[in-house]
Amino acid sequence: MDYNRLSKTVAFALRHNPWIFELELDEEGWVDIDVLVTVLREERKAFRALTVDDLHTMIATADKQRYEIKDGRIRALYGHSSTNSIKKTPAEPPLVLLHGTNDEVLDVIMKHGLKPMSRQFVHMSLDRETAVKVARRRSEAIVVLEIAAKRAHDDGVTFYQGNEHVWLADAVPAAYITVMEE
Ligand code: HQG
């Protein structure tokens, strides 16, 4: 089993295009794990022998905590497209969060703030290493931004926790952003 490929297919289904598999996510993004296994078996040749155990192994061996399994259901913890309206519980963020991005969009971000773009939320991380990795997906010319998360939260910006390392927000105004590393 190619767990990396499986994770990408599950992201496609649970973050971006559930309707392609005729999946109906509930408002928190959950779907019955047996239903997901059945549709992936039917719709993807590479996964025609897929089992629930494979999904557990995929999660246990992943470099990041992208999915959660609970009470026979599975969901993506972050990364959802703006077309899927996922309800998250607001939470108090740490003092500071980081966002890695590329040099080309720095000016517009420093002027207009961080926007969710094609996703439902802006994604930020607790640690520099994650922020750098996120940024390097797109470019070598990266910047790491520091978000005054606690101050933004106290001023009314809503934050949500994705997983242990990833935090989310609807948007982050420029007033809370400084360049940490360019
Ligand atoms: C940028 C992956 C112009 C933003 C990653 C980013 C992460 C703006 C891009 C997670 C902007 C959106 C999310 C503005 C933000 N003007 N550009 N006002 N505001 N941007 O992919 O944070 O491995 O939607 O800086 O590792 O890069 O798949 O977000 O460059 O955790 O689990 O617009 O997805 O996780 O890009 O990545 P994305 P992201 P997985």
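At pLDDT 95 or above, farther than 26 Å from VAL122 by Cβ and not assigned by TED's automatic domain parsing to the domain that holds ARG138: is that true of ASP54 in this structure? Break it down into steps so the answer makes sense when it comes.
Working: at pLDDT 95 or above: yes; farther than 26 Å from VAL122 by Cβ: yes; not assigned by TED's automatic domain parsing to the domain that holds ARG138: yes.
Yes; evaluated as a whole, the condition is true for this residue.
Across the range 117-131, which residue is nearest to the ligand (Cβ to nearest atom) among those that are in a strand (DSSP E or B) and of a type outside the set (D, E, K, R)? Working first, answer last.
Of the residues in the range 117-131, the ones in a strand (DSSP E or B) are 119, 122-125.
Then drop every residue that is not of a type outside the set (D, E, K, R), which leaves 122-125.
On the way: VAL122: 6, HIS123: 4, MET124: 8, SER125: 7 Å.
Filtering first and then ranking leaves HIS123.
Out of all the residues in the range 132-159, which are away from the ligand (no atom under 12 Å from the Cβ) and either under 22 Å from HIS16 (Cβ atoms) or among the basic types (Lys, Arg) (or both)?
The answer is LYS150, ARG151.
VAL179 - would you say it is more than 19 Å from LYS88 (Cα to Cα), assigned to a strand (DSSP E or B) and touching a strand residue (DSSP E or B) at 6+ places or on another chain (Cβ under 8 Å)? Explain how you work it out, then say what you get.
Values: more than 19 Å from LYS88 (Cα to Cα): yes; assigned to a strand (DSSP E or B): yes; touching a strand residue (DSSP E or B) at 6+ places or on another chain (Cβ under 8 Å): yes.
Considered against the rule, which asks whether it is more than 19 Å from LYS88 (Cα to Cα), assigned to a strand (DSSP E or B) and touching a strand residue (DSSP E or B) at 6+ places or on another chain (Cβ under 8 Å), VAL179 comes out as yes.
Checking the structure you have, find out if any residue of the range 128-137 is of a type in the set (Val, Ile, Thr), crowded, with 21+ Cβ neighbours inside 10 Å and at pLDDT 95 or above. Give the derivation first.
Filtering the range 128-137 for residues of a type in the set (Val, Ile, Thr) gives 130, 132, 134.
Applying the additional criterion that residues be crowded, with 21+ Cβ neighbours inside 10 Å yields none.
So far as the range 128-137 goes, no, none of its residues is of a type in the set (Val, Ile, Thr), crowded, with 21+ Cβ neighbours inside 10 Å and at pLDDT 95 or above.
Would you check if there is a residue in the range 150-161 being among the basic types (Lys, Arg) and either assigned to a strand (DSSP E or B) or without any contact (Cβ under 8 Å) to a residue 12 or more places away in the chain (or both)? Talk me through it step by step, then tell me what you get.
To start, the set of residues in the range 150-161 that are among the basic types (Lys, Arg) comprises 150-151.
If we keep only those that are either assigned to a strand (DSSP E or B) or without any contact (Cβ under 8 Å) to a residue 12 or more places away in the chain (or both) too, we end up with none.
No, the range 150-161 contains no residue that is among the basic types (Lys, Arg) and either assigned to a strand (DSSP E or B) or without any contact (Cβ under 8 Å) to a residue 12 or more places away in the chain (or both).
Would you please name the residue that is farthest from LYS115 (Cα to Cα), looking only at residues in the range 145-159 that are buried (at least 19 other Cβ atoms within 10 Å of the Cβ) and not small (Gly, Ala, Ser)?
HIS153
Pull up the range 100-116, narrow it to residues that are near the ligand (Cβ under 6 Å from one of its atoms) and without any contact (Cβ under 8 Å) to a residue 12 or more places away in the chain, then point me to the one that is surrounded by the fewest Cβ atoms within 10 Å (Cβ to Cβ).
Among those residues, the one meeting the criterion is VAL108.
Report yes if VAL157 is at pLDDT 95 or above and either out of contact with any Phe, Trp or Tyr (no Cβ under 9 Å at 6 or more places or on another chain) or assigned by TED's automatic domain parsing to the domain that holds TRP19 (or both), otherwise no. Outline the logic, then answer.
Working: at pLDDT 95 or above: yes; either out of contact with any Phe, Trp or Tyr (no Cβ under 9 Å at 6 or more places or on another chain) or assigned by TED's automatic domain parsing to the domain that holds TRP19 (or both): no.
Answer is no for this residue.
Checking the structure you have, find out if any residue of the range 123-139 is touching a Gly at 6+ places or on another chain (Cβ under 7 Å) and of a type in the set (Val, Ile, Thr).
Yes, there is a match, as at least one residue in the range 123-139 is touching a Gly at 6+ places or on another chain (Cβ under 7 Å) and of a type in the set (Val, Ile, Thr).
Looking at (1) surrounded by 20 or more Cβ atoms within 10 Å (Cβ to Cβ); (2) closer than 16 Å to GLN161 by Cβ, find the lone condition where VAL96 falls short.
In the conditions (1) surrounded by 20 or more Cβ atoms within 10 Å (Cβ to Cβ); (2) closer than 16 Å to GLN161 by Cβ, VAL96 misses (1) alone.
Run down VAL134, VAL143 and say which single residue is part of a strand (DSSP E or B), β-branched (Val, Ile, Thr) and touching a residue at least 12 places away in the same chain (Cβ under 8 Å). Don't jump to the end; show me each part of the working.
On the way: VAL134 fails: part of a strand (DSSP E or B).
The unique qualifying residue is VAL143.
So LYS88 passes all but one of these: (1) near the ligand (Cβ under 9 Å from one of its atoms); (2) touching a Gly at 6+ places or on another chain (Cβ under 9 Å); (3) farther than 18 Å from PHE12 by Cβ. Which condition number does it fail?
Failed condition: (1).
The values are calculated or read from the model by the stated rules, or taken from the named source; none is laboratory data. Keep in mind the model is a prediction, meaning the values are calculated, not measured. Cβ sites come from the backbone with ideal geometry, for glycine too, and all protein chains shown count toward neighbours.
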